[in-house]
Amino acid sequence: MSRKTSRDDAWQHLHGRFRWQVPARFNIGQACCGRWARDPATADRVAIAWEHEDGRAGSVTYARLQADADRLSHALARQGVRRGDRVAIVMPQRPETAVANIAVQQLGAVAMPLSMLFGPEALAYRLQDSGSRVALVDESAVAALRAARAECPDLACVITAGAAAGQGDLDWADALAGDSRPFDPADTAADDPAVLIYTSGTTGPPKGALIPQRALIGNLTGFVCSQDWFPHLRPDHGSAQTLRPPAPGRGERGVGGGALPEGQGEAQGASPCPPPWGGGSGGWGAIGPGPGPVGRTPVFWSPADWAWTGGLMDALLPTLYFGQRIVAFQGRFTPERAFELMQRHGVTHSFLFPTALKAMMKEVPRPLERYPGLRLRAVMSAGEAVGDAVFHWCREALGLTVNEMFGQTEINYVVGNCGAFLGADGRWHPGWPARPGSMGRAYPGHRVAVIDDEGRECPRGTPGDVAVHRRDVHGDPDPVFFLGYWNNDKATRAKFTGDPADSWCRTGDTAVMDEDGYLWYQGRSDDVFKAAGYRIGPSEIENCLVKHPAVANAAVVPKPDAERGAVVKAYVVLAPGAVGDEALVQALQQHVRGRLAPYEYPKEIEFIAALPMTTTGKVQRRVLRLQEEERARRRGG
């Protein structure tokens, strides 16, 4: 996996020189909206272009976003919400969701985004455990919330938006009608809590990860790098070979000489964006086909739910932090709809899950022929390993190199790739080269290693746990870290190898680090298994299976076996038109056997209609593994 690295390695240039400058006082709401709304040059800039699958569409400016956030902050304060109180937000991609997040942040309260896909039991647990005072919900989840409410004694008020109006205690329109005065935002510290996101582990109930205000700053190095220097646009995304390496000794503007766009991590009044562009509607009430092409300006879209870290911290908030436009789509994802949406809005940057990319690759193999108006300049992918099949398709069919990223809610956006960066000389330079199948390298500001069970760094090439140190390579605190698990100090301490203020934090993912610092994903620590004495990482086998034209998606788990402990089993979702018969089973086994080690080919293959997935697009191998264990118990009984 290791190979000779370029003498002018951009990773060494960017990672080694970067220094954090985190202000003592910082507020996400003001950094992502308030400062842009106050500036006459940016107040009328479109913040959100929105569409509903039923054809409704419109846009909202930064001025309107802030005005409605101010009104909602007043309404929440009238409901008794104070600093530190939890406010649940149970809505999909729509302008009201962004308004709610800004309003809660400028109150100094804690936003608790919850997926609209949660049922009553899942909602009840999170609302109970967090002690949420208020919940904001639309038609997508109001029925489930109403069913859960009887078990949530602390939930004093439910504010209903959209078609859910009339089904709660206070309608959105009435809440915003109460007070139109500008809201005086809370003066929050960078370490103050901002967001509470519940993460599901393999055992026990979900844990609430408490995210501080500063974590957004900690996300920005990865966001900028993985999106090829957002918000700047490369003039020709298909000609990386023409980019020049940085001149020796030249530092880049940014935080303390770090190589990032201006304003990164500075006080929220700074302006890290290019000159203002296009105006737009003052509200989002327009009904029609939606905005047309937007010219040479950055436009972001991701199908990731804004209720999860991937949608909130990897898409919505960083795009608004840079004062740019994000597309909100409320509807079901399909590959054709995704390409149509990106072409219609002139999307330049995106975050697409590997499962989405696989579906797009299978259903639209030549997208530039069908959608010649695509303007994509950068794509980040995370959640699962992309695999070299999708990696090469992105290069050949989209004309860009997908930048893989790795992180988790507690310590997000810490590892990945960067295709290009804009130097202080005003010229574009190549980033560090992506290697098919690799997760990438540590992003600037993050110290990452592979460690063993005792917390010691593993020799290069040896599998171990991916871990991030609380302090960066310069010994400075890394702002990306969470504050801890909600009401669960024991779980917080268990996450670290020592003092949480100065030790390694385990991610629970297994990887190998090569000589150049690239990480190669092996799987979740609980997904890796042994079969006949061999250590099996499912991602490599899954990626191999997906390369077969009959396979749309696959998941690999252990099947208990009396003689060998376990054998490799694959669950396969067929591509359209494929027939899951014994001939295909043998063909797939030979397909893997001929490309990987003999012990890695699936001894058994089961065809299913769909893989169990999380709401964030990750394959739930644990569900399949438990199913196999239950089947084994029945056979034994």
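The values are calculated or read from the model by the stated rules, or taken from the named source; none is laboratory data. Just so we're clear, the structure is a prediction, and the values are computed from it rather than from any experiment. Methodologically, a virtual Cβ is constructed for each residue, glycine included, from the backbone with ideal geometry; neighbour enumeration extends over all protein chains shown. Side chains are part of the model used for accessible areas, which takes the heavy atoms of the whole protein and leaves out ligands, DNA and RNA. Shrake-Rupley method; radii C 1.70, N 1.55, O 1.52, S 1.80 Å.
Y518 fulfils the conditions (1) under 30 Å from D192 (Cβ atoms); (2) buried (at least 21 other Cβ atoms within 10 Å of the Cβ) except for a single criterion, (1). Scanning segment 132-148 for residues that are more than 26 Å from the chain's Cα centre (by Cα) and of a type in the set (G, A, S) yields a count of 3. Could you say whether any residue in segment 399-422 is in a helix (DSSP H, G or I), more than 15 Å from the chain's Cα centre (by Cα) and either at negative phi or touching a residue at least 60 places away in the same chain (Cβ under 8 Å) (or both)? There is no residue in segment 399-422 that is in a helix (DSSP H, G or I), more than 15 Å from the chain's Cα centre (by Cα) and either at negative phi or touching a residue at least 60 places away in the same chain (Cβ under 8 Å) (or both). Residues that are among the β-branched types (V, I, T), closer than 29 Å to M360 by Cβ, modelled with pLDDT of 95 or more and outside any loop (DSSP other than H, G, I, E, B) do occur in segment 571-584. Scanning segment 415-436 for residues that are modelled with pLDDT under 95 and either aliphatic (A, V, I, L, M) or open to solvent by 30 Å² or more (accessible area, probe 1.4 Å) (or both) returns A420, L422, A424, D425, G426, R427, W428, P430, P433, A434, P436. Set side by side, the residues V390, V450, V480 differ, and just one is over 18 Å from A501 (Cα atoms) and either of a type in the set (S, T, Y) or at pLDDT 95 or above (or both), which is V450. If the condition is being over 26 Å from P477 (Cα atoms) and touching a Ser or Thr at 6+ places or on another chain (Cβ under 7 Å), then segment 22-42 contributes only W36. Number of residues in segment 338-369 that are among the basic types (K, R) and without any contact (Cβ under 8 Å) to a residue 12 or more places away in the chain equals 0. Hey, can you tell me all the residues within segment 118-147 that are in contact with a Leu (Cβ under 7 Å, 6 or more places away or on another chain) and touching a residue at least 60 places away in the same chain (Cβ under 8 Å)? Those that are in contact with a Leu (Cβ under 7 Å, 6 or more places away or on another chain) and touching a residue at least 60 places away in the same chain (Cβ under 8 Å): R126, S130.
Restrict the check to segment 501-516 and report whether at least one residue is of a type outside the set (S, T, Y), under 30 Å from L127 (Cβ atoms) and part of a loop (DSSP other than H, G, I, E, B).
No, segment 501-516 contains no residue that is of a type outside the set (S, T, Y), under 30 Å from L127 (Cβ atoms) and part of a loop (DSSP other than H, G, I, E, B).
Pull up segment 109-128, narrow it to residues that are in a loop (DSSP other than H, G, I, E, B) and open to solvent by less than 10 Å² (accessible area, probe 1.4 Å), then point me to the one that is farthest from R86 (Cα to Cα).
S115
Can you name every residue in segment 370-388 that is among the small types (G, A, S), crowded, with 21+ Cβ neighbours inside 10 Å and touching a residue at least 60 places away in the same chain (Cβ under 8 Å)? Residues satisfying the conditions are A378, A382, G383, A385, G387.
Of the residues making up segment 328-358, those that are surrounded by fewer than 20 Cβ atoms within 10 Å (Cβ to Cβ) and either assigned to a loop (DSSP other than H, G, I, E, B) or small (G, A, S) (or both) number 4.
When we screen V480, V450 for residues that are within 18 Å of R19 (Cβ to Cβ) and either touching a residue at least 12 places away in the same chain (Cβ under 8 Å) or surrounded by 14 or more Cβ atoms within 10 Å (Cβ to Cβ) (or both), the only hit is V480. If you scan segment 303-312, which residues turn out to be of a type in the set (A, V, I, L, M, F, W, C) and open to solvent by 10 Å² or more (accessible area, probe 1.4 Å)? Matches in segment 303-312: W308 only.
Per the listing V468, V473, the residue uniquely open to solvent by 20 Å² or more (accessible area, probe 1.4 Å) and in contact (Cβ under 8 Å) with a residue 12 or more places away in the chain is V473. Candidates in segment 603-637 are the residues that are over 16 Å from V573 (Cβ atoms) and of a type in the set (K, R); of these, the one that is most open to solvent (accessible area, probe 1.4 Å) is R634. So in segment 449-486, with the set limited to residues that are part of a loop (DSSP other than H, G, I, E, B) and among the hydrophobic types (A, V, I, L, M, F, W, C), which one is nearest to the chain's Cα centre (by Cα)? Among those that are part of a loop (DSSP other than H, G, I, E, B) and among the hydrophobic types (A, V, I, L, M, F, W, C), it is V480.
Of the residues making up segment 7-34, just one is assigned to a loop (DSSP other than H, G, I, E, B), open to solvent by less than 20 Å² (accessible area, probe 1.4 Å) and of a type in the set (S, T, N, Q), namely N27.
Checked against (1) part of a loop (DSSP other than H, G, I, E, B); (2) over 25 Å from L220 (Cα atoms), T42 meets all criteria but (2). For segment 1-23, filtered to residues that are aliphatic (A, V, I, L, M) and under 25 Å from G461 (Cβ atoms), the residue that is modelled with the lowest pLDDT is M1.
Any residue at all in segment 396-414 that is over 23 Å from P318 (Cα atoms), open to solvent by 50 Å² or more (accessible area, probe 1.4 Å), modelled with pLDDT of 95 or more and not hydrophobic (A, V, I, L, M, F, W, C)? Within segment 396-414 (the criterion being over 23 Å from P318 (Cα atoms), open to solvent by 50 Å² or more (accessible area, probe 1.4 Å), modelled with pLDDT of 95 or more and not hydrophobic (A, V, I, L, M, F, W, C)), the answer is yes, since at least one residue qualifies. Taking the condition buried (at least 16 other Cβ atoms within 10 Å of the Cβ) and on the phi > 0 side of the Ramachandran plot, does G131 pass? When the stated conditions are applied, G131 does not pass them.
Within segment 546-556, none of the residues are over 30 Å from V364 (Cβ atoms) and basic (K, R). Just give me the residues in segment 71-82 being open to solvent by 20 Å² or more (accessible area, probe 1.4 Å) and not small (G, A, S), in sequence order. R71, H74, R78, Q79, R82 - these are the residues of segment 71-82 that are open to solvent by 20 Å² or more (accessible area, probe 1.4 Å) and not small (G, A, S). Among the residues of segment 603-621, the ones that are modelled with pLDDT of 85 or more, out of contact with any Lys or Arg (no Cβ under 6 Å at 6 or more places or on another chain) and not aliphatic (A, V, I, L, M) come to 6 in all.
Within segment 556-594, the set of residues being buried (at least 18 other Cβ atoms within 10 Å of the Cβ), out of contact with any Pro (no Cβ under 7 Å at 6 or more places or on another chain) and either of a type in the set (G, A, S) or over 24 Å from K530 (Cβ atoms) (or both) comprises V573, L584. Just for segment 585-624: of the residues that are outside any helix (DSSP H, G or I) and among the aromatic types (F, W, Y), which one is farthest from V90 (Cα to Cα)? So the residue we want is Y601.
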